[in-house]
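Here's the structure we're looking at; comments come further down.
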Amino acid sequence: MERKVTWETYDAGHLEKMEKLNQEYREFLDNGKTERECIDTIVNTIETEGYRELESVIAEGGKLQKGDKVYSVCMNKSIAMFQIGEKPLTEGMNILGAHIDSPRIDVKQNPLYEDGGFAYLDTHYYGGVKKYQWVALPLALHGVVVKKDGTTIEVNVGENEDDPVFFISDLLVHLAGEQMEKKASKVIEGEALDLIVGSKPIFLSKEEKEKREKEKDENKEKAKEGVMAGILDILKESYDMEEEDFLSAELEIVPAGKAREAGFDRSMILGYGQDDRVCAFTSMRAMLDVGQSIEKTLCCILVDKEEIGSVGATGMQSRFFENAVAELMNLTGEYSELNVRRCLARCCMLSSDVSAGYDPSFASCFEKKNSAFLGKGMVFNKFTGSRGKSGSNDANAEYIAYLRRIMDEKGIVYQTAELGKVDVGGGGTIAYILAEYGMNVIDSGVPVLNMHAPWEATSKADVYETYRGYIAFAEGAGM
């Protein structure tokens, strides 16, 4: 079965709307390189569209009715958005779910050290990465430092043109004979991914040195000199940050630079974190652009920690989403434990996550008939997992038939795919976690090239078609 090429279906009006959406998407990528930054960007956007904080409605003793829009944030890293529909919540919701964390390198809690004339930050990579892809390229530092008094300091260095950038060094090819013989997973070891943050030592006068020694001696610490001392001085001056404050910091190392249009024809987007912020953005945008009057309540859940198993308080396996639904039903006058269960079991969900785009340069890893192609629209993955579908949610045929019907009625260009050849590899999403409630769930999203690399590629047409597909799903009445 040959699927349509999305570009062939567009007229001038579609192309104009596509370009406008993708411009907004690139800005979203630039402004949200961490989960916290994504949440800030999303909250600022949806509040201008009439969304209110769920906790504020509860504190005010308010009630919710059809048409109301609310959101709930968990620890500044996950968010659930709701637009109340005409039907009771006990009849279920239509859910768009994606994740906003991406593979990266995290700074350790005791990170700063000096060696060989360089100051380093010790790191620990996050998620599934090819470690060798992260060396010898400009990197930025994003995150927060929280001081003991509760003050939160935001850090964002490396994105502005006049900012310095950082880097992880690699061995020069002239001396790399032994390195080049190693397996790709061993070429760069995890403990070798330390970030170079400075190389200029500070030279103290005798009086300054004695003063520092006295101050440090009073604190029972060894005085630091050289490059590391210079970095600490900069941190103190710029952020009022002491070395001890690294203990309560969350600092993420990401590629420096903005998302860019790619190709002579500008048909693609090259940027960091498109897995899975491309689906997070299109899901949020669909929530905002859907009509005011919808039959079923619409929900968009954007979560953290998918790249490491959806664990923790901000991951999909936490009770955050379920608790938010219970609070929502309480405010609509429908709450009971049984009603919460009925609501969740009767939901329909698109687990919005990216799929592996077919890459002719690595064709042997794909089964072409069942691959996702850039430019052929929104992707549905009936199942993910690995080997014998291990760890997968496998969507029911009845649900897929329902989705086919509503997509075809709206003229959405879509395709179906598997994640590479059988037994070559595999992966998972948050789909199986929501499926545990008994709801209908299928993976859907945008095909991506270079997935999990520092710079990932998508087709503008697929981004736009996925957005249109999410609106079609949101406006559908459900099964």
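The values are calculated or read from the model by the stated rules, or taken from the named source; none is laboratory data. Since we're looking at a predicted model, the values are computed, not measured. Quick reminder, even Gly has a Cβ in these numbers, built from the backbone with ideal geometry, and neighbours come from all protein chains shown. Side chains included, ligands, DNA and RNA excluded: accessible areas come from the protein's heavy atoms. Shrake-Rupley method; radii C 1.70, N 1.55, O 1.52, S 1.80 Å.
Count neighbours as other Cβ atoms within 10 Å of each site's Cβ, and list the GluC sites (Glu not before Pro) in region 232-263 that are DSSP loop with at most 16 such neighbours.
Working: sites: Glu237, Glu242, Glu243, Glu244, Glu250, Glu252, Glu261; in loops: Glu242.
Here the GluC sites (Glu not before Pro) that fit, given the DSSP loop and packing criteria, are Glu242.
Considering the options Ile234, Gly315, Ala192, tell which one lies farthest towards the positive end of the dipole of the chain, charges being +1 on Lys and Arg and -1 on Asp and Glu at the Cβ, about the Cα centre.
Gly315
Do you know the relative contact order of region 416-479, to the nearest whole percent, from alpha carbon pairs under 8 angstrom that are 6+ apart?
Relative contact order of region 416-479: 16 percent.
Using 0.36 nm times the number of residues separating Lys200 and Glu244, minus their current alpha carbon distance, what extension gain do you get?
On the way: separation 44, 0.36 × 44 = 15.84 nm, distance 2.19 nm.
Extra length available between Lys200 and Glu244 comes to 13.7 nm.
Quickly rank 391-402, 273-284 as a protection proxy: mean count of other C-beta atoms within 10 Å, highest first.
273-284, 391-402
What number comes out for accessible area per residue over the chain if the probe is 1.4 Å? Units Å², please.
47
Give me the one-decimal nm value for the distance between modelled label points at Thr152 and Gln317, 7 Å along each residue's Cα-to-Cβ direction.
With each label placed 7 Å out from Cα toward Cβ, I get 2.6 nm.
For region 229-271 and region 158-188, what is the separation of their Cα centres, given in Å?
Rounded to whole Å, the Cα centres lie 18 Å apart.
Only Lys, Arg, Asp and Glu count, each charged at its Cβ (+1, +1, -1, -1), so figure out the dipole size of the chain about its Cα centre, rounded to 20 debye.
It works out to roughly 1600 debye.
Over the chain, what is the relative contact order in percent, taking alpha-carbon pairs closer than 8 angstrom and at least six residues apart? Before the final figure, lay out the partial values.
Working: 1000 pairs, mean separation 109.6, N = 479.
23 percent.
Starting with the highest mean, order 403-416, 445-458, 90-103 by the number of other Cβ atoms within 10 Å, averaged over the residues of each peptide. Don't jump to the answer; show the numbers that get you there.
Values: 403-416: 17.4, 445-458: 22.9, 90-103: 25.2.
Highest mean packing first, the order is 90-103, 445-458, 403-416.
Within 10 Å of each candidate Cβ there may be at most 16 other Cβ atoms; applying that plus a DSSP loop requirement, which GluC sites (Glu not before Pro) in region 1-80 survive?
Values: sites: Glu2, Glu8, Glu16, Glu19, Glu24, Glu27, Glu35, Glu37, Glu47, Glu49, Glu53, Glu55, Glu60; in loops: Glu2, Glu49, Glu60.
Here the GluC sites (Glu not before Pro) that fit, given the DSSP loop and packing criteria, are Glu2, Glu49, Glu60.
Quick one: putting +1 on the C-beta of Lys and Arg, -1 on the C-beta of Asp and Glu, what dipole do you get for region 75-144 around its Cα centre, in Debye to the nearest 20?
Magnitude of the dipole: close to 140 debye.
Please figure out what share of the DSSP beta bridges in the chain is antiparallel and state it in percent, rounded to the nearest 5.
Among the beta bridges of the chain, antiparallel pairing accounts for roughly 70 percent.
Just need the relative contact order of region 15-157 here, percent rounded to a whole number, with Cα pairs under 8 Å and 6+ apart.
15
Mind sorting out which of (1) 79, 53, 38; (2) 79, 59, 44; (3) 138, 39, 32 is the real Cα extents along the principal axes in Å computed from the coordinates?
(2)
Using helices alone, I'd like the mean residue ellipticity at 222 nm for the chain: each DSSP H run of four-plus residues gives -39500 (n - 2.57), total over residue count, nearest 500.
Calculated mean residue ellipticity at 222 nm is -9000 deg cm²/dmol.
Roughly how many percent of the accessible protein surface of the chain is carbon and sulfur, given a 1.4 Å probe and a whole-percent answer? Walk me through the intermediate numbers first.
Details: 11170 of 22620 Å².
Looking at the chain in its full context, I get 49 percent from C and S.
Mind giving me the FRET efficiency for Ile58 and His174? R0 is 51 Å, r the Cβ-Cβ distance, nearest 0.05 is fine.
Using R0 = 51 Å, I get an efficiency of 0.20.
Using the Cα centre as the reference, give the magnitude of the dipole from point charges on the C-beta atoms of region 262-317 (Lys, Arg: +1; Asp, Glu: -1; all else neutral), rounded to the nearest 20 debye. Walk me through the numbers before you get to the answer.
Values: 5 positive and 8 negative charges, 25 e Å.
Dipole of region 262-317, to the nearest 20 debye: 120 debye.
Cβ under 13 Å from Asn450's Cβ, Asn450 left aside: what net charge do those residues give with Lys, Arg +1 and Asp, Glu -1?
Spelling it out: positives minus negatives among the neighbours equals -2.
Among the listed pairs Lys148/Lys200; Lys296/Lys410; Lys182/Lys258; Lys130/Lys421; Lys17/Lys460; Lys17/Lys376, which are separated by more than 22 Å between their Cα atoms?
Too far apart for the 22 Å limit: Lys148/Lys200; Lys182/Lys258.
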